[in-house]
Amino acid sequence: MEPLNPVEIESQLRKLTTRISKGIGVYAKAYGAFLEADRNFDAAYAREYLAADGPVKDREMTAKAETMSEREARDIQELAYKHADKLLKALELELRTLQSIGASVRAAYQVAGRGE
């Protein structure tokens, strides 16, 4: 890996902050989809539970069995939401790392040629 100069670091910082800005929208969309799927699952479960006959345990199992597709849709949306969250956190960590490298490069440029 070649040493970076301040201009290259600034360019990378701009690109990274743009990615983070876009990532916030992706995260919000994924979280909204998860919440909608969660509500749909809760509503379907409640409908099936109320429509089922028998003791409480039987009604719970019937409702659970009848709402597996809604549960699967909810789980898929939760996975997408959590993935977006982890990706956004990784980008923020990358930003902090790049800022630290930038500080080191600036310090090196400030003392360059002074000890000769």
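The values are calculated or read from the model by the stated rules, or taken from the named source; none is laboratory data. Values in this document were obtained by computation on a predicted structure and should not be read as measured data. Every residue, glycine as well, gets a Cβ built from its backbone with ideal geometry; the counts of neighbours run over all protein chains shown.
Observations, loosely collected:
- On the stretch given as region 29-58, residues that are within 22 Å of the chain's Cα centre (by Cα), surrounded by 14 or more Cβ atoms within 10 Å (Cβ to Cβ) and among the small types (Gly, Ala, Ser) total 3.
- Residue match in region 29-37 (condition: touching a residue at least 12 places away in the same chain (Cβ under 8 Å), in contact with a helix residue (DSSP H, G or I) (Cβ under 6 Å, 6 or more places away or on another chain), assigned to a helix (DSSP H, G or I) and acidic (Asp, Glu)): no
- Criterion: in contact (Cβ under 8 Å) with a residue 24 or more places away in the chain and more than 30 Å from the chain's Cα centre (by Cα) - qualifying residue of 105, 26: 105
- Qualifying position, being assigned to a helix (DSSP H, G or I), small (Gly, Ala, Ser), at pLDDT below 95 and within 26 Å of the chain's Cα centre (by Cα), among 100, 69: 100
- Region 59-75, residues that are free of Cβ contacts under 8 Å to residues at least 12 places away in the same chain and either surrounded by fewer than 16 Cβ atoms within 10 Å (Cβ to Cβ) or among the hydrophobic types (A, V, I, L, M, F, W, C) (or both): 60, 61, 65, 68, 69, 72, 75
- Verdict on residue 18 being surrounded by fewer than 14 Cβ atoms within 10 Å (Cβ to Cβ) and either of a type in the set (Lys, Arg) or within 26 Å of residue 81 (Cβ to Cβ) (or both): yes
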